[in-house]
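Working notes, beginning with the structure itself.
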Amino acid sequence: MSKGPFLPYGRQWIDEADIAAVEQVLRGDWLTQGPSIGWFERSFAEKVGVRHAIACANATAALHVCMLALDLKPNDAVLVPSVTFLATANAVRYVGAQVAFTDVDPDTGLMRRQDAEDAIARAEARGWRVRAIAPVHLAGQTADMVGLSALAIERGLTIVEDAAHAVGTRLTGADGAMVAVGACDRSALACFSFHPVKTMATGEGGMVTTNNDALARKVRAGVSHGMVRDPDGFTNQTAALAADGAPNPWYYEMPEPGFNYRMTDIQAALGISQLAKLDAFVRTRAKLVAAYDTALAPLSPILRPSARMPGVEAGWHLYVALIDFVALGMDRAAFMNALRQDGVGSQVHYIPVHTQPYYRRLYGGLHLPGAAGWYDRCLSLPLYPAMSMIDQDRVVDSLTRIIKG
């Protein structure tokens, strides 16, 4: 098979409109803390149908400030699926709280209600007070939001969605209609990523969405050093107001320390331009996923796609194939190297976080068979909007040669 250009597992789409949007900011007066930030936030909030959107430096920052906003204490715990990127769990530890790892469905990699219930039982046995659930919408599909939201209501828990993979995903909402992930109709907060391999890109960058005014104020303050500029939130009214009773324009207060997690106008300008193409990106990815499903069907049962969640229109970030390497008689490293020799990239999403040395030292060993079953088989194949059908044929041909050859 002739090799073409190397096909990575994911990459950004940047066009002339994106370049022009960034250039306009570079030629203007504001590189950061300017009007593009507010424009991007308002546009994103309107797109997903939510009251508040707060731009951040990246999705890890978004998760961190959300955990800060919950006022978690050292004995409080947050449920986190073990199949996720490190940041979801680490954000809980940043604020000194405990991570209660949950198992996942081995065929979707997603948290289910029973996984959450089992983790609650383990957490309570340790003497922890479970305060929140952080479901991860892996690859663009959503976790079991119906079951998890019912559980959260029953137990008085807060849901913080890690939607880093799910920009553009839609799911059946609480009223039965389709809503965008980020609308927060079953959660308090949702966090997004605009990393270049995600559905839309700002370089680095993230967003928090919420319908809760109080949480929005906490998140916004946490993103910008803890500063509050809203006169309604000031404690020292004497210093805040001029002699005529008008607010002093320079005045701010810091009720609690925050961080410098602000997005730049350069990133925001790119985000505004990318957001205009989001629907097209989602459609292109959906077509590629459907084509993969059809083309790879003859490789079953050695290779099959991850299972699909009902009631979800995924904004696919990843195409994850589940490969039975044991039956194939080939380990994953050798398989990935064989793909690479054909110019095809791949990646593993993810090593279960509970197995990382830090968390093993902190909490000891934990048996999560669903996470192990997912990890043993998962492999992310190339998926991005610039990918042509010829590119995809190369991926399928390489997989077929390796598996059947």
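I'd like the trypsin sites (Lys or Arg not before Pro) in segment 287-360 restricted to DSSP loop residues with at most 15 other Cβ atoms within 10 Å, sorted by number. Write down the numbers at each step before the final one.
Working: sites: K287, R308, R332, R340, R360; in loops: R308.
Those that pass, being in a loop and sparsely packed, are R308.
Based on DSSP, what percent of beta bridges with both residues in the chain are antiparallel, to the nearest 5? Don't skip to the end; give the middle numbers.
Numbers: 26 of 43 bridges.
In the chain, approximately 60 percent of DSSP beta bridges are antiparallel ones.
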(message) In the chain, once you exclude exposed chymotrypsin sites (Phe, Trp or Tyr not before Pro) (DSSP loop, at most 13 other Cβ within 10 angstrom), what's the longest stretch remaining?
(response) 7-249
(request) Using the structure shown, select from K3/K404; K73/K277; K218/K287 the pairs with a Cα to Cα distance greater than 30 angstrom. (result) K73/K277; K218/K287
(request) Choose one of G271, L303, L288: the residue whose Cα lies farthest towards the positive end of the charge dipole of segment 263-307 (beta-carbon charges +1 Lys, Arg; -1 Asp, Glu; about the Cα centre). (result) L303
(message) Give me, ordered by chain and number, the residues 5 or more places off C378 or on other chains with an amide H under 5 Å from its own placed amide H.
(response) I323
(request) Find how many whole Å separate the alpha carbon centroid of segment 237-265 from the alpha carbon centroid of segment 165-200. (result) 32
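Rounded, prolate or oblate: which one fits segment 13-151, using the alpha carbon gyration tensor with axes a ≥ b ≥ c (rounded when a/c is under 1.5, else prolate when a/b beats b/c, else oblate)? List each step's numbers first, then the result.
Values: a/c = 2.72, a/b = 1.97, b/c = 1.38.
Note, shape of segment 13-151 comes out prolate.
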(request) Can you list which of the trypsin sites (Lys or Arg not before Pro) found in segment 15-73 are DSSP loop residues with at most 15 other C-beta atoms within 10 Å? (result) R27, R51
(message) Nearest 500 deg cm²/dmol is fine: what mean residue ellipticity at 222 nm does the chain get from its DSSP H runs of n ≥ 4 alone, each adding -39,500 (n - 2.57), divided by its residue count?
(response) -12000 deg cm²/dmol
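I'd like to check one number: the per residue accessible area of the chain, probe 1.4 Å, reported in Å² as a whole number.
Values: 17370 Å² over 405 residues.
The answer is 43 Å² per residue.
Accessible area of segment 239-360 with a 1.4 Å probe: how many percent of it is carbon plus sulfur? Can you show the working numbers first?
Numbers: 3400 of 5760 Å².
That fraction is 59 percent.
Taking only C-alpha pairs under 8 Å that are 6+ residues apart, what is the relative contact order of the chain in percent? Provide the component values of the computation, followed by the final result.
Working: 839 pairs, mean separation 94.1, N = 405.
Computed value for the chain: 23 percent relative contact order.
How many percent of the accessible area of segment 80-140 is carbon or sulfur, using a 1.4 Å probe? Write out the running numbers ahead of the final one.
Numbers: 850 of 1850 Å².
Solvent-exposed carbon and sulfur of segment 80-140 make up 46 percent of the total.
The values are calculated or read from the model by the stated rules, or taken from the named source; none is laboratory data. Predicted, not measured: the structure shown is a model, and the values here were computed from it. As a convention, Cβ positions derive from the backbone with ideal geometry for all residues, glycine included, and neighbour counts pool all protein chains shown. Side chains are part of the model used for accessible areas, which takes the heavy atoms of the whole protein and leaves out ligands, DNA and RNA. Shrake-Rupley method; radii C 1.70, N 1.55, O 1.52, S 1.80 Å.
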